[in-house]
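Below is one structure; the comments refer to it alone.
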Amino acid sequence: MILLSISIFWLSVCVYPISADPHITVEAHVGSTALLPCSLSKDFSKTPHVRWRADNEFVFERSFDGTHEGPGYKGRVDVPEDELRKGNCSLVLKDVRITDHVFYRSFVMEHVEATNTNKIQEINRVQLNVYSQRVSAQVGSTAVLPCDWKHLSIQTPHVEWRIGDEIVFERLGKESFQGEGYEGRVDVPEEELLKGNCSLVLKNVSVTDETLYSSYILMTDTKKPVLVQNIKLSVRELSEERKDDSSAPSGEADGMNLLIIITVCIMCSVLLIFIAIFIWMKYRRSSS
Ligand SMILES: *[C@@H]1O[C@H](CO)[C@@H](O)[C@H](O)[C@H]1NC(C)=O
Ligand SMILES: *[C@@H]1O[C@H](CO)[C@@H](O)[C@H](O)[C@H]1NC(C)=O
Ligand SMILES: *[C@@H]1O[C@H](CO)[C@@H](O)[C@H](O)[C@H]1NC(C)=O
């Protein structure tokens, strides 16, 4: 059971980024370690010169003369040398922070030519989605994605919930906007918003709603969006829910049942052999 779920998990992890986007998307919980995949499809006898950056911000660099870390990434990033020589240029990013979250920019891995350092080749881009909370909801139910803006000093709250760049819901006072596919299903009640509660109410949850949602408060004067919350919504199907709930005991029960069946089979076989021997001996005795 556990092995099966692990392999399904890995399968979805491997398949998802490729099919969803030409770029790779990695999701990570705040505080966890994220692996930003990268491959150079080549072995190196000498350590190649590689560089990871996030937009124009320098993240990490490794070359024959050591490593450099970007200012916001001190002690948190590495491309292990032994892996790099094998062509594995994956970035290990420890203690993931909400500020590592980059929607509008990606982590870019570059290979710098040894003989000509001006010759830089982009290898791949990884989008990192960092979330601080996970919310689980059942298909058809109503999910509440938590958000609180009380720590921000603004008078008139202007809230925006987005999936990437796409707006799901927006409210400023009485005026609100519901994004495509969310008509009649989403709201941040006005009275709650005024109290500092910017939680999104998402009705009639469907499987396609499973993704990462971000809430922003727009600053009154500049209209600059300030990221408040990143929430990962997981959607459970009804049948799946029942299976999930009883997975541990049913798994155990399945094992028990199997054991009982095997025992009964062995006992039956032994009994049959005894009966056969008994009949055969009786037959021999009566025929002699
Ligand atoms: C690449 O290296 C990372 C650690 O740097 C490791 O976790 C990962 O498994 C490696 N990937 C492959 C395909 O070897
Ligand atoms: C915030 O608002 C949501 C929905 O409007 C509600 O379910 C939740 O209880 C509110 N939270 C608090 C702390 O008031
Ligand atoms: C909920 O959504 C499904 C499609 O995902 C739709 O068929 C159904 O009518 C909706 N139910 C309500 C009560 O809006």
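Every read-out reported here was derived from the displayed coordinates using simple, explicitly stated rules and does not represent laboratory data. Bear in mind the structure is a predicted one, so any value in this text is a computation, not a measurement. So basically every Cβ, Gly included, is an ideal-geometry build from the backbone, and we count neighbours across all protein chains shown.
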Using a Förster distance of 45 Å, the FRET efficiency for Val226-Val92 (Cβ separation, nearest 0.05) = 0.95
request  = Select from segment 136-183 those trypsin sites (Lys or Arg not before Pro) which occupy a DSSP coil region and have at most 11 other Cβ atoms within 10 Å, ordered by residue number.
outcome  = Lys150, Lys174
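Tell me, Trp149, Trp280, Trp161 in order of fewest to most beta-carbon neighbours within 10 Å?
Working: Trp149 21, Trp280 10, Trp161 27.
Listed from fewest to most nearby Cβ atoms, that is Trp280, Trp149, Trp161.
Considering only DSSP beta bridges whose two residues both sit in segment 29-162, what percent are antiparallel, to the nearest 5?
95 percent
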ask   = Any idea how far apart Leu172 and Arg284 come out in nm if each label point goes 7 Å out from Cα toward Cβ?
value = 10.0 nm
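If you rank Cys89, Cys198 by fewest surrounding Cβ atoms within 10 Å, what's the result?
Details: Cys89 23, Cys198 26.
Lowest count first: Cys89, Cys198.
Grab the Cα-Cα distance for Val144 and His68, subtract it from 0.36 nm times how many residues apart they are, and report the gain in nm with one decimal. Kindly include the intermediate steps, with their values, before the conclusion.
Working: separation 76, 0.36 × 76 = 27.36 nm, distance 4.24 nm.
The Val144-His68 span can extend by a further 23.1 nm.
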inquiry  = Cut-off is 10 Å between beta-carbons; in what order do Thr67, Thr99 appear when sorted fewest neighbours first?
reply    = Thr99, Thr67
key: Inter-label distance, nm, simple model (7 Å from Cα along the C-beta direction), Phe58/Glu190   = 5.2 nm
query = Can you pull out the GluC sites (Glu not before Pro) in segment 151-240 that DSSP calls coil and that have at most 15 other Cβ atoms within 10 Å?
reply = Glu180, Glu183, Glu210, Glu237
ask   = For segment 36-62, list residues with backbone N below 18 Å from a point placed 7 Å from the Cα of Thr117 toward its Cβ?
value = 47-53, 58-62
